[in-house]
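Undergrad: What follows is a single structure, and I will ask about it in a moment.
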Amino acid sequence: MHRRLALAVVFAGVFCLDQVASQTPAPSPTFNKDVAPIFYSHCVTCHRPGEVAPMSLLNYAEAKPWGRSIKEKVLSREMPPWFADAQHGNFRNSRRLAQTEIDTLTAWVDAGAPEGDGVAPRPPVFQQGWNSAMTRPPDRVLELPFEFEIPPTGDVPTFTVWLKLPFRDDVFIEAIEYRPSNRRVLHHSSVTVGGLPPGTRLGKAAVWPDGPVVEGIPLFDDGKPFRASSSEEFGTPLFFYVPGGGFQRFPSGIAKRMRAGQYLVWGLHYVTSGKPEKDRSRIGLWFSKRAAHHEAFLYTVNQKVSVEGRELGSDARGRTTLPNIPPRVENWNITGSLVLKEAVTLYALWPHMHYRGKDMTFVLKYPNGREETLLSVPRYDPNWQITYELAKPLKVPARSTITAIAHYDNSAKNPRNPAPDQEVTWGPQSWNEMFLPFLELSVDDHDLRFERLQQEFGR
């Protein structure tokens, strides 16, 4: 009897201890132990001094005052900016927070944002302000040949300037970063590599009629300047900068080529801010550390284009004129397609639209009829132009078709729409629209190793 009573008391004590343990709250997350690693992995590329974000998250003193705002932004998934539908595709540059990370940040704020014991882990090292994904500074930095002055108000026309490349031989680029000195005013910049327009030499002239006089303008023999509103008319596309973007890195063995003797062609579009501004953009280049076996190219999914189900024709140069977007439409559709005549390897996808852009989806159709959604961006945000880099390069057989389906909202329901009662024309200005579904790919049969062998035997 006494033994049974003693056992009962022991079991009751153990039960009580279990109950107490289960009711003991878990320790609150701290900045040093739990929060700093999340910030350093997902946030501080932008949230550091001199970058586009409004505050730094590099240390506890800088991050703590922003706790409530951080909680609000991560719960709504507004931050970090990542708009790809998680159901489609796997991307190596994904900024998307795991639910456990959101829970940690939320619990940290709810607990009063404690710093915690010890010290935080060492923050990432940024190479002279360049992207932390690279463990070394750029091998070469190319700078716009002048500091451009932007007026306080009015429209600034797009313009193009040329810069002679400083390379005696072809160079192959494994990573590239475009850094404006003033992110507030550079709307976008398209960068290509090519030659000067025929019959011209490089000189100094006005960038547009009665505009500022700068270096880097092609001049004819009679001194008249050659002007172009887009660098895309010349050479091979190298890079396209927009706010929220600016850095791209290719897998080992894949590279962009810059040919000796050619020119870097900068297409520039600035916007005014209400006060005088200046900008002098730079491009950082990281050379391939191993010999590249394939060259990366920028393609656009617009070989054929249809609007609201009606296929559009093209002119003698293959250009398609898009009809204006009507006023007050909520779901205006444009579909572009590209038939791949050769087998390619796909590395990245990037949708580019302006303020009426609503969504864009890329679909791959194989020769056997099977379809695969490569990327879906259901809530497009023009303030965050993201290049979605595939976690694993995708082999795409010849005769496959890639389709890009986009919708535009020109109604009053679109909070970014500046004029829902007006038609929208197509062009580079922010109130215009664009339909640019970009792909980064290489052509499988264009093997640079064979090219090098042919060069060796040809000597």
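Undergrad: Among the residues of segment 274-308, write down those that are without any contact (Cβ under 8 Å) to a residue 40 or more places away in the chain and farther than 29 Å from residue 171 by Cβ.
TA: Within segment 274-308, the first condition is being without any contact (Cβ under 8 Å) to a residue 40 or more places away in the chain, and the residues that meet it are 290, 303-304, 306-308.
Scanning segment 274-308 gives 303, 304, 306, 307, 308.
Undergrad: If we keep just the residues of segment 291-317 that are surrounded by fewer than 18 Cβ atoms within 10 Å (Cβ to Cβ) and of a type in the set (Gly, Ala, Ser), which is farthest from residue 332 (Cα to Cα)?
TA: Out of the qualifying residues, it is 291.
Undergrad: Name the residue that is farthest from residue 136 (Cα to Cα), counting only residues in segment 258-287 that are crowded, with 20+ Cβ neighbours inside 10 Å and of a type in the set (Gly, Ala, Ser).
TA: Residue satisfying both the conditions and the ranking: 267.
Undergrad: So, one more: Being more than 23 Å from residue 384 (Cα to Cα) and touching a strand residue (DSSP E or B) at 6+ places or on another chain (Cβ under 9 Å) is the requirement here; does residue 141 meet it? Even if it seems obvious, please write down each step before you answer.
TA: Working: more than 23 Å from residue 384 (Cα to Cα): yes; touching a strand residue (DSSP E or B) at 6+ places or on another chain (Cβ under 9 Å): yes.
Yes, satisfied.
Undergrad: Output the number of residues of segment 236-268 satisfying the condition of being of a type in the set (Gly, Ala, Ser) and either within 26 Å of residue 391 (Cα to Cα) or free of Cβ contacts under 8 Å to residues at least 60 places away in the same chain (or both).
TA: At the first step, the residues of segment 236-268 found to be of a type in the set (Gly, Ala, Ser) are 244-246, 252-253, 255, 260-261, 267.
Then keep just the ones that are either within 26 Å of residue 391 (Cα to Cα) or free of Cβ contacts under 8 Å to residues at least 60 places away in the same chain (or both); that gives 244-246, 252-253, 255.
Here the count works out to 6.
Undergrad: Residues that are over 24 Å from the mean Cα position of the chain (by Cα) and at positive phi: does segment 404-417 have at least one?
TA: Looking for residues that are over 24 Å from the mean Cα position of the chain (by Cα) and at positive phi, one finds none in segment 404-417, hence no.
Undergrad: Name the pairs whose Cβ atoms lie under 8 Å apart, with the first residue in segment 419-435 and more than 21 Å from residue 320 (Cα to Cα), the second surrounded by 14 or more Cβ atoms within 10 Å (Cβ to Cβ) and at pLDDT below 95, and 6 or more positions between them or separate chains?
TA: If the second residue must be surrounded by 14 or more Cβ atoms within 10 Å (Cβ to Cβ) and at pLDDT below 95, the pairs left are 419/431.
Undergrad: Counting only residues that are over 18 Å from the mean Cα position of the chain (by Cα), of a type in the set (S, T, N, Q) and assigned to a loop (DSSP other than H, G, I, E, B), how many does segment 77-99 have?
TA: Matching residues across segment 77-99 total 1.
Undergrad: Of everything in segment 332-363, what is of a type outside the set (Asp, Glu), over 20 Å from the mean Cα position of the chain (by Cα) and surrounded by fewer than 19 Cβ atoms within 10 Å (Cβ to Cβ)? Give them in sequence order.
TA: Result: 333, 338, 339, 341, 343.
Undergrad: Residue check: is residue 131 under 30 Å from residue 32 (Cβ atoms) and either surrounded by 15 or more Cβ atoms within 10 Å (Cβ to Cβ) or assigned by TED's automatic domain parsing to the domain that holds residue 352 (or both)?
TA: Considered against the rule, which asks whether it is under 30 Å from residue 32 (Cβ atoms) and either surrounded by 15 or more Cβ atoms within 10 Å (Cβ to Cβ) or assigned by TED's automatic domain parsing to the domain that holds residue 352 (or both), residue 131 comes out as yes.
Residue-by-condition table, conditions (1) modelled with pLDDT under 90; (2) closer than 26 Å to residue 82 by Cα; (3) of a type outside the set (S, T, N, Q):
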{"site": "99", "(1), (2), (3)": "no, yes, no"}
{"site": "110", "(1), (2), (3)": "no, yes, yes"}
{"site": "117", "(1), (2), (3)": "no, no, yes"}
{"site": "162", "(1), (2), (3)": "no, no, yes"}
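Undergrad: How many residues does segment 269-280 contain that are assigned to a strand (DSSP E or B) and either within 21 Å of residue 130 (Cα to Cα) or out of contact with any strand residue (DSSP E or B) (no Cβ under 6 Å at 6 or more places or on another chain) (or both)?
TA: So the answer is 2.
Undergrad: Being in contact with a Phe, Trp or Tyr (Cβ under 8 Å, 6 or more places away or on another chain) and over 21 Å from residue 337 (Cβ atoms) is the filter here; which residues of segment 407-447 pass it?
TA: Those that are in contact with a Phe, Trp or Tyr (Cβ under 8 Å, 6 or more places away or on another chain) and over 21 Å from residue 337 (Cβ atoms): 409, 410, 414, 416, 417, 418, 419, 424, 430, 431, 432.
Undergrad: Looking at segment 341-413, what strands (runs of 3 or more DSSP E) fall wholly within it and have at least 2 residues that are hydroxyl-bearing (Ser, Thr, Tyr) and at pLDDT 95 or above? Don't jump to the end; show me each part of the working.
TA: Working: elements: 344-352, 357-365, 371-377, 388-396, 400-408.
Hits in segment 341-413: 344-352, 371-377, 400-408.
Undergrad: Filter segment 373-415 for residues that are loosely packed, with under 13 Cβ neighbours inside 10 Å and charged (D, E, K, R) and give the result.
TA: Those that are loosely packed, with under 13 Cβ neighbours inside 10 Å and charged (D, E, K, R): 379, 392, 395, 413.
Undergrad: Restricting attention to strands (runs of 3 or more DSSP E) lying wholly within segment 151-214, give those where 1 or more residues are in the same structural domain as residue 263 (by TED's automatic domain parsing) and under 20 Å from the mean Cα position of the chain (by Cα).
TA: Fully inside segment 151-214 and qualifying: 171-179, 186-194.
Undergrad: Take segment 108-125 and flag every residue that is surrounded by 16 or more Cβ atoms within 10 Å (Cβ to Cβ) and outside any loop (DSSP other than H, G, I, E, B).
TA: Selection gives 108, 109.
The values are calculated or read from the model by the stated rules, or taken from the named source; none is laboratory data. What you are looking at is a predicted structure, and each value in this text was computed from that prediction instead of being measured. Every residue, glycine among them, receives a Cβ derived from its backbone with ideal geometry; neighbour counts consider all protein chains shown.
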